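**Student:** Please find one structure pasted underneath; my questions will follow.
The values are calculated or read from the model by the stated rules, or taken from the named source; none is laboratory data. Worth saying up front: this structure is predicted, and the values here are computed from it rather than measured. Cβ atoms come from the backbone with ideal geometry, glycine included; neighbour counts cover every protein chain shown.
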Amino acid sequence: MFVIFCFLLMIRVGHSTDDQTFETKSVAAQQHATLECPREKLLNSDKLYWIRIISGHQPELLGRTTVLDDERVHKTPHFTTKQENEIFILHIHQTQINDTGLYYCIRTSWDSITFLRGVFLNVEGPQSFVYRIIQAPPSVAVHPGESVSLQCSVLSDSEKKTCSEDYRVHWFRAGSHQSHPSFIYTHGDNKECGKSSQKCFYSFSKKVIVSDAGTYYCAVAACGEVMFGNGTKVDIKSKFRIFSW
């Protein structure tokens, strides 16, 4: 039965015949969320389920109960389902960004499946005051011994700042044989900003050798978060030419 109504869920997502049975709900990350489903008391063996569908994952059963009065509480560290009066409750403790998805309450009987309530839950995380990082150029080719100059533009909105410290700009390099970027430089206060100070420019220059080839990333650390730019690929050309006769 569970496999059957999981399949029905997937083909019915996004459709509702009654606007009162589907809603959207937004909560901030780390807050609790409570979803309610009507529970009509019937003298039969029908069951109620809370199901969650998250993009890229299989449908997940979060809790179940009967339409008859049942005082049992089903609890995990993250979810609690229980009956209260004439409703079936799903409580999500300290929501996380990956809790965003579709939540369905379903009633099943021996010959039918009824969709009682659908909720699209959107869990919102804190928005950083640094909202864009632009690197230029996207790629560059130089010879060993020559200098390469990379630029990074940081766009920010001080009104959305949630900490007292200013952001810091760092540079990392990912070589072709490296599993992760390596740290190479941190900017001090040597930045060039526009009149509004919402867009600041940072430049990084160095003389290169053959082993300096790779992708260089501008990274901004702000209020406990680290954001990376799109990267600049640096190719090192050989100074030697091969002549064929």
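**Student:** State the number of residues belonging to region 88-122 that are without any contact (Cβ under 8 Å) to a residue 60 or more places away in the chain and farther than 27 Å from Leu68 by Cα.
**Tutor:** Of the residues in that region, 3 qualify.
**Student:** If you take the residues of region 75-95 that are outside any strand (DSSP E or B) and of a type outside the set (D, E, K, R), which of them is nearest to Ile54 (Cα to Cα)?
**Tutor:** That would be Thr95.
**Student:** Identify, by number, the condition in (1) assigned to a loop (DSSP other than H, G, I, E, B); (2) farther than 16 Å from Pro38 by Cβ; (3) touching a residue at least 12 places away in the same chain (Cβ under 8 Å) that Arg72 doesn't meet.
**Tutor:** Against the list (1) assigned to a loop (DSSP other than H, G, I, E, B); (2) farther than 16 Å from Pro38 by Cβ; (3) touching a residue at least 12 places away in the same chain (Cβ under 8 Å), Arg72 comes up short only on (3).
**Student:** What number goes with the only condition from (1) within 19 Å of the chain's Cα centre (by Cα); (2) at pLDDT below 85; (3) not charged (D, E, K, R) that Ser45 does not pass?
**Tutor:** (1)
**Student:** Could you grab me the full set of residues in region 58-69 that are closer than 23 Å to Phe120 by Cβ, of a type outside the set (Gly, Ala, Ser) and not in a loop (DSSP other than H, G, I, E, B)?
**Tutor:** Once the filter is applied, which keeps residues that are closer than 23 Å to Phe120 by Cβ, of a type outside the set (Gly, Ala, Ser) and not in a loop (DSSP other than H, G, I, E, B), region 58-69 yields Glu60, Leu61, Leu62, Arg64, Thr65.
**Student:** Could you please let me know if Ile92 is exposed (fewer than 14 other Cβ atoms within 10 Å of the Cβ), farther than 24 Å from Asp46 by Cβ and within 26 Å of the chain's Cα centre (by Cα)?
**Tutor:** The answer is no for Ile92.
**Student:** So, of the residues in region 113-170 that are within 27 Å of the chain's Cα centre (by Cα) and small (Gly, Ala, Ser), which turns out to be surrounded by the fewest Cβ atoms within 10 Å (Cβ to Cβ)?
**Tutor:** This residue is Ser164.
**Student:** Another question about this same structure. What is the residue count in region 160-200 for residues that are among the polar types (S, T, N, Q) and either part of a strand (DSSP E or B) or modelled with pLDDT of 70 or more (or both)?
**Tutor:** 4
**Student:** Return the only residue of Gln31, Gln58, Gln83 being farther than 14 Å from Gly118 by Cα and surrounded by 14 or more Cβ atoms within 10 Å (Cβ to Cβ).
**Tutor:** Exactly one residue qualifies, and that residue is Gln83.
**Student:** So, restricting to strands (runs of 3 or more DSSP E) that lie completely within region 96-159, which ones have at least 2 residues that are in contact with a helix residue (DSSP H, G or I) (Cβ under 6 Å, 6 or more places away or on another chain) and of a type outside the set (Ser, Thr, Tyr)?
**Tutor:** Because the criterion is at least 2 residues that are in contact with a helix residue (DSSP H, G or I) (Cβ under 6 Å, 6 or more places away or on another chain) and of a type outside the set (Ser, Thr, Tyr), the strands (runs of 3 or more DSSP E) in region 96-159 that meet it are 113-124.
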